[in-house]
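The values are calculated or read from the model by the stated rules, or taken from the named source; none is laboratory data. Keep in mind that what you see is a predicted model, and the values were worked out from it rather than measured. Cβ atoms come from the backbone with ideal geometry, glycine included; neighbour counts cover every protein chain shown.
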Amino acid sequence: MSTERRAPLDRRRVADTALRLLNDVGLDGLTLRAIARELDVKAPALYWHFKDKQALLDEMATEMYRRMVAEAALDPADTWRERLLKANRGLRAALLGYRDGAKVFSGSRFIGIEHAGPMEDNLRLFTAAGFTLPQAARALTTAYLYTLGFVTEEQGVHPLPGERREGYDMDERARLMADFPLSAQAGAEIFEDYDRHFEEGLAVVVEGIGVRYGVS
């Protein structure tokens with residue numbers, strides 16, 4: 001009989017295992033039963049920690065956030081524009097590190113208040129720059145939602161970097177849409193070069209925020 005002691009089962013260990021498994025099976029295949037098998041425990045043991053899959057997703061999103069902020073310290077010298085650009089580039093990079101990363105993050109609720117410190121810092125930066133508190137909250141949320149939606153669509157084509165989902169052949173798309181030449185040509189602007197498209201869209205969002213609220 002093995003005398004090796006396994007690490008105690010807790011929420012964070014389960015979430016860490018789930019995030020590792022996510023890249024192999026995707027969100028649809030990520031079941032509590034599959035995670036339990038990976039941990040070499042019975043599935044009911046997980047229900048002591050998570051009442052359902054959404055509770056697990058909340059913990060996974062929180063762990064993704066912990067890792068993201070650990071790799072990107074806030075720079076107090078940032079302007080509000082620089083902070084928006086850096087924060088959303090970092091968010092996109094973090095989400096792209098996991099298959100279906102944006103879907104896990106979307107609609108999930110952070111566990112605890114670990115996000116409150118960075119949020120407070122961002123709101124202070126924005127209000128000091130001339131935003132009202134409601135405007136600051138709206139600006140940060142709008143940029144966040146842009147990034148989350150962008151990556152959701154991006155991962156629909158590229159589940160992981162270097163991996164391309166079947167059905168996104170641009171030559172075939174152009175052939176099928178030959179009677180709609182502008183739509184056919186637009187395919188490359190929609191389904192290719194996501195890095196450039198993300199940066200262009202984020203710049204539009206940031207500039208639009210400045211114009212809308214009259215903050216330079």
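In the stretch 1-26, the qualifying residues are those that are of a type in the set (G, A, S) and at pLDDT below 70, and the one that is surrounded by the most Cβ atoms within 10 Å (Cβ to Cβ) is A7. Reported count of residues in the stretch 51-73, each being surrounded by 15 or more Cβ atoms within 10 Å (Cβ to Cβ) and modelled with pLDDT under 85, is 1.
Right, D169: over 30 Å from E63 (Cβ atoms) and modelled with pLDDT under 95 or not? Write out each step before concluding.
On the way: over 30 Å from E63 (Cβ atoms): yes; modelled with pLDDT under 95: yes.
So D169 passes the test.
For R99, state whether it is farther than 30 Å from Q185 by Cα and either touching a strand residue (DSSP E or B) at 6+ places or on another chain (Cβ under 6 Å) or among the charged types (D, E, K, R) (or both). So R99 does not fit the description; no.
Just one residue in the set F126, F131, F110 is surrounded by fewer than 19 Cβ atoms within 10 Å (Cβ to Cβ) and either touching a residue at least 24 places away in the same chain (Cβ under 8 Å) or under 11 Å from the mean Cα position of the chain (by Cα) (or both); that residue is F110. Of the residues examined, G112 is not one that is in a helix (DSSP H, G or I), more than 20 Å from E200 (Cα to Cα) and at pLDDT below 95.
Among the helices (runs of 4 or more DSSP H) confined wholly to the stretch 164-216, which include 2 or more residues that are under 24 Å from the mean Cα position of the chain (by Cα) and at negative phi? Spell out how you get there, then give the answer.
Values: elements: 170-176, 181-185, 187-191, 194-213.
The qualifying helices (runs of 4 or more DSSP H) are 187-191, 194-213.
Condition first: aliphatic (A, V, I, L, M) and in contact with an Asp or Glu (Cβ under 9 Å, 6 or more places away or on another chain). Now tell me which residues in the stretch 158-182 satisfy that.
Taking the stretch 158-182 and keeping what is aliphatic (A, V, I, L, M), we get 160, 170, 174, 176-178, 182.
Within the stretch 158-182, M170 is the sole residue that qualifies.
Of the residues making up the stretch 146-172, those that are of a type in the set (A, V, I, L, M, F, W, C) and either surrounded by fewer than 13 Cβ atoms within 10 Å (Cβ to Cβ) or in contact (Cβ under 8 Å) with a residue 24 or more places away in the chain (or both) are L148, F150, V151, V157, L160. Restricting attention to the stretch 95-104 and to residues that are out of contact with any Phe, Trp or Tyr (no Cβ under 8 Å at 6 or more places or on another chain) and either of a type in the set (D, E) or assigned to a helix (DSSP H, G or I) (or both), the residue that is farthest from E59 (Cα to Cα) turns out to be L96.
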